[in-house]
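See below for the structure under consideration.
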Protein chains: 2
Amino acid sequence: MDAIIIAIGDELINGAGIDTNSSYLSQRLLEKGIIPRRHITVGDNIDEIAKVIADAINEAELVITTGGLGPTRDDLTRQALAKVMGVDLVEDARSAERIKEFFIKRSRQMSPSNLTQALKPAGTQTLDNDIGTAPGIAARYKGSDIYLLPGPPNEMKDVFEKRVFPQLPSCGATIQKTLHTFGIGESIIGEKIADLMTNTENLKVGTAAKGGQVSIRITAKADNLDEAKETAEKLAQQIRARLGNIIFGQDEQTLQGVVGDMLKKSGKTLATAESCTGGMLGEMITSIPGASEYFLGGVVSYSNAAKIDLLTVPAELIQAHGAVSEPVAEAMARGVKEKFKADFGIGITGIAGPTGGSAEKPVGLVFIGLADDKGVEVHKHIFPGERQAIRQRASLTALNYLRLKLST
Amino acid sequence: MDAIIIAIGDELINGAGIDTNSSYLSQRLLEKGIIPRRHITVGDNIDEIAKVIADAINEAELVITTGGLGPTRDDLTRQALAKVMGVDLVEDARSAERIKEFFIKRSRQMSPSNLTQALKPAGTQTLDNDIGTAPGIAARYKGSDIYLLPGPPNEMKDVFEKRVFPQLPSCGATIQKTLHTFGIGESIIGEKIADLMTNTENLKVGTAAKGGQVSIRITAKADNLDEAKETAEKLAQQIRARLGNIIFGQDEQTLQGVVGDMLKKSGKTLATAESCTGGMLGEMITSIPGASEYFLGGVVSYSNAAKIDLLTVPAELIQAHGAVSEPVAEAMARGVKEKFKADFGIGITGIAGPTGGSAEKPVGLVFIGLADDKGVEVHKHIFPGERQAIRQRASLTALNYLRLKLST
């Protein structure tokens, strides 16, 4: 079974927003063995939306759209489907009631425009939305199943998970397994596993690079889930044996999650001292629920005074070597470890740019200190890219050093 | 002139990655009056890629693809274009030299597979890539201009900006202007400006909501840039008059950028004390180059000990009211203001979930303290959504309170 996923919204086609819904839906469809063949994005233009929906119905048995079900005049997905099906829009009494209730429950005043969200093409079913005012719509037309879902990701997920996913047929099984590596280039990885990078109908291996992380994707298709899993896992084992410790995790795992699990397991605690990353490392660590078990906190020492007062970095050290230097990264890591009485302290200082670089200390220069009870190691890097890329790379690289330390 | 933008990669169609390239390209095309009509995403399948490229050539005068130019076996965009054009792949000598040089300059070893990146369909031109090993490709076929660009966003941008954008014709002008509001619901905003939400060929107004921010997009088309700008600005003025202080900025402006500018202008400084946001507020503030002029730093007080030791929050206060409470948010804001000798101190404490909530203190409950020389104001919120959404909403809401304070 093939699927086409359509994202609707001027903000997407004009570049003011990024479509994340299609990606989410693809992942879920694959779990049922349904192949997401294409993602299409169109603007808030009724003719374009109708054309893309009609074409998709001709090409795929399953068509899912997101967006364009809002209360404002530029929301035209309901109208577009009605046009494709050649029917009128009618009010769904139950949806109208639910929308009114939504506002009463929240003691908020309803805008009359919200009631347009209770409209549906005649002959279709509405799909309850439990967290927002835009119900989804389900239709069957010319042999295809069509689902219209709201655009806000949390509402889309709620409607999809409760009302659509359980209805979808299971068509054999496709399993995706992704192994994540950090700190080694894509072409080096590609070469190390060149002979394992098959590209057949039933087994595909690909790589994707992003911000220092290279991920190896295995896609295995089979008649049933167990068989697909076994094929994928067998290949994953071979790749793991080849790449060893370069691989830090798989699938949904993130570097911060893996490091968090390692800290939790070992009963160790961590504190961070951040300069150029400004809190990003702390944010990454605390994106993991339960991080308070091992993360004690940190200091964002954006000013020299903060480095001296809160992290006990000697003022002379900053004067002699500059705030972005190996000795200062070392003192920050040691200082924050002591201040928070943590087992590990990380100190990051660098030049994120775009200004502030020099021939001797270019933009992208970052020193990362990692302190434990035995001492402090400091690593020097020159990261490529722009301000935000440099900061992300620095934060992740610090986490990776801690991972390597914890795995020895 | 219509354009179709195609993103290529299994990681995109399978949901392991998100396409941000198409969005970037759309924005840039609109500036030349070229209408991005559709974004299409396909996987690493040569037949699918070829079909989508061939269809796009039939429908649009400009076709841009990103991705699939890497060195590994799953990179098939060159081959797909060659198939569409019915020609062979040939080596581009200049590109082969540049790729070899790339590795020599960086003292890195070249993988033989990198040389496949010097291949191009016969009769096409390569587009130099100054920061990576995948050159772009330019072709003219059946009356359409086709550009193949590398997938990594920094390389895509480099090749596009240097080699493609300057070549594109200017087709009249389309101007997009976006006004950003914070803290008010989309339907309320939609209602306040209902009569201004036109949707004609030459003037469109739409809204989009995300994480507490509602943006109002104006798209104006005209024969020349000045005329389009004037139309858009005239409507923007009407909307500004209607919404007043709810609007915090426009276009590329962000809340953190606007607040940063206000702090810089007023010569005031800021320090932050973050509990549930874990450094996210600091990260947002320091994402702005030059933030060191007004941001002194912060404390991530994830543990109670950190609140007491580093922020001088009285232990009894935490005992009496809990770490997530109005008095603790107040003490954190005041404590960090004093510790860093800043003009403003922000304190955030809350329950980001998914666990840790109770009937009395549910997940999403966040207290935000804002201290200045006159005292501390504390705001209580219950934010919807999941952990990361709650944290983002809390960080942005804190910035918005500071904005409102600075604008009085």
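Quick notes
Residue-wise test of (1) within 14 Å of chain B (Cβ to nearest Cβ); (2) within 30 Å of residue A:235 (Cβ to Cβ); (3) within 30 Å of the chain's Cα centre (by Cα); (4) acidic (Asp, Glu).
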{"site": "A:96", "(1), (2), (3), (4)": "no, no, no, no"}
{"site": "A:99", "(1), (2), (3), (4)": "yes, no, no, no"}
{"site": "A:106", "(1), (2), (3), (4)": "yes, no, no, no"}
{"site": "A:144", "(1), (2), (3), (4)": "no, no, no, no"}
{"site": "A:148", "(1), (2), (3), (4)": "no, no, yes, no"}
{"site": "A:152", "(1), (2), (3), (4)": "yes, no, yes, no"}
{"site": "A:157", "(1), (2), (3), (4)": "yes, no, yes, no"}
{"site": "A:167", "(1), (2), (3), (4)": "no, no, yes, no"}
{"site": "A:174", "(1), (2), (3), (4)": "yes, yes, yes, no"}
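- Lone qualifier among B:178, B:219, B:200 - being within 11 Å of another protein chain (Cβ to nearest Cβ), farther than 27 Å from residue B:388 by Cβ and either free of Cβ contacts under 8 Å to residues at least 60 places away in the same chain or surrounded by 16 or more Cβ atoms within 10 Å (Cβ to Cβ) (or both): B:219
- Just one of the listed residues (B:13, B:49, B:53) is under 22 Å from the mean Cα position of the chain (by Cα), assigned by TED's automatic domain parsing to the domain that holds residue B:151 and either more than 21 Å from residue A:189 (Cβ to Cβ) or polar (S, T, N, Q) (or both), namely B:13.
- Some residue of the range B:121-131 being more than 14 Å from chain A (Cβ to nearest Cβ), within 31 Å of the chain's Cα centre (by Cα) and surrounded by fewer than 18 Cβ atoms within 10 Å (Cβ to Cβ): yes
- Meets criteria (of a type outside the set (Asp, Glu) and either closer than 29 Å to residue A:67 by Cβ or in contact with a strand residue (DSSP E or B) (Cβ under 6 Å, 6 or more places away or on another chain) (or both)) for residue B:211: yes
- Within the range A:276-314, if we keep just the residues that are more than 25 Å from the chain's Cα centre (by Cα) and of a type outside the set (A, V, I, L, M, F, W, C), the residue that is farthest from the other protein chains (Cβ to nearest Cβ) turns out to be A:314.
- Residue within the range A:169-180 that is modelled with pLDDT of 95 or more and not assigned by TED's automatic domain parsing to the domain that holds residue A:7 present: yes
- Conditions (1) part of a loop (DSSP other than H, G, I, E, B); (2) crowded, with 19+ Cβ neighbours inside 10 Å; (3) not aliphatic (A, V, I, L, M): number failed by residue B:307: (1)
- Residue match in the range A:257-265 (condition: among the hydrophobic types (A, V, I, L, M, F, W, C), touching a strand residue (DSSP E or B) at 6+ places or on another chain (Cβ under 8 Å), more than 22 Å from residue B:297 (Cα to Cα) and touching a residue at least 60 places away in the same chain (Cβ under 8 Å)): yes
- Residues (closer than 15 Å to residue B:19 by Cβ and among the hydrophobic types (A, V, I, L, M, F, W, C)) located in the range A:17-50: A:18, A:25, A:40, A:42
- Of the candidates A:52, A:63, the single residue that is surrounded by 19 or more Cβ atoms within 10 Å (Cβ to Cβ), more than 25 Å from residue A:220 (Cα to Cα) and either of a type outside the set (A, V, I, L, M, F, W, C) or touching a strand residue (DSSP E or B) at 6+ places or on another chain (Cβ under 7 Å) (or both) is A:52.
- Subset of the range B:179-235 that is over 24 Å from the mean Cα position of the chain (by Cα) and of a type in the set (Ser, Thr, Tyr) - its residue that is nearest to residue B:397 (Cα to Cα): B:198
- Taking the range A:1-68 and the strands (runs of 3 or more DSSP E) fully enclosed by it, the elements with 2 or more residues that are of a type in the set (Lys, Arg) are at A:35-42.
- Each residue in the range B:128-162 was checked for being at pLDDT 95 or above and of a type in the set (Val, Ile, Thr), and 3 of them qualify.
- Lone unmet requirement of (1) buried (at least 24 other Cβ atoms within 10 Å of the Cβ); (2) assigned to a loop (DSSP other than H, G, I, E, B) for residue A:284: (2)
- Evaluated against (1) without any contact (Cβ under 8 Å) to a residue 24 or more places away in the chain; (2) among the hydroxyl-bearing types (Ser, Thr, Tyr); (3) more than 8 Å from chain B (Cβ to nearest Cβ), residue A:187 falls short on exactly one condition, (3).
- Lone unmet requirement of (1) assigned by TED's automatic domain parsing to the domain that holds residue B:69; (2) surrounded by 19 or more Cβ atoms within 10 Å (Cβ to Cβ) for residue B:212: (1)
- From the list B:333, B:271, B:329, the lone residue that is in contact with a Phe, Trp or Tyr (Cβ under 9 Å, 6 or more places away or on another chain), outside any helix (DSSP H, G or I), crowded, with 22+ Cβ neighbours inside 10 Å and at pLDDT 95 or above is B:271.
- Only one of the listed residues (B:219, B:272, B:231, B:254) is closer than 23 Å to residue A:350 by Cα and hydroxyl-bearing (Ser, Thr, Tyr). That residue is B:272.
- Under the condition of being at the interface with chain A (Cβ under 10 Å from one of its Cβ atoms), buried (at least 23 other Cβ atoms within 10 Å of the Cβ) and aliphatic (A, V, I, L, M), the residues counted in the range B:7-34 number 5.
- Just one of the numbered conditions (1) without any contact (Cβ under 8 Å) to a residue 24 or more places away in the chain; (2) surrounded by fewer than 17 Cβ atoms within 10 Å (Cβ to Cβ); (3) among the polar types (S, T, N, Q) is not true of residue A:245: (1).
The values are calculated or read from the model by the stated rules, or taken from the named source; none is laboratory data. Owing to the predicted nature of the structure, the values given are computational and were not obtained by experimental measurement. With ideal geometry, Cβ positions are generated from the backbone for all residues, glycine too; neighbour counts draw on all protein chains shown.
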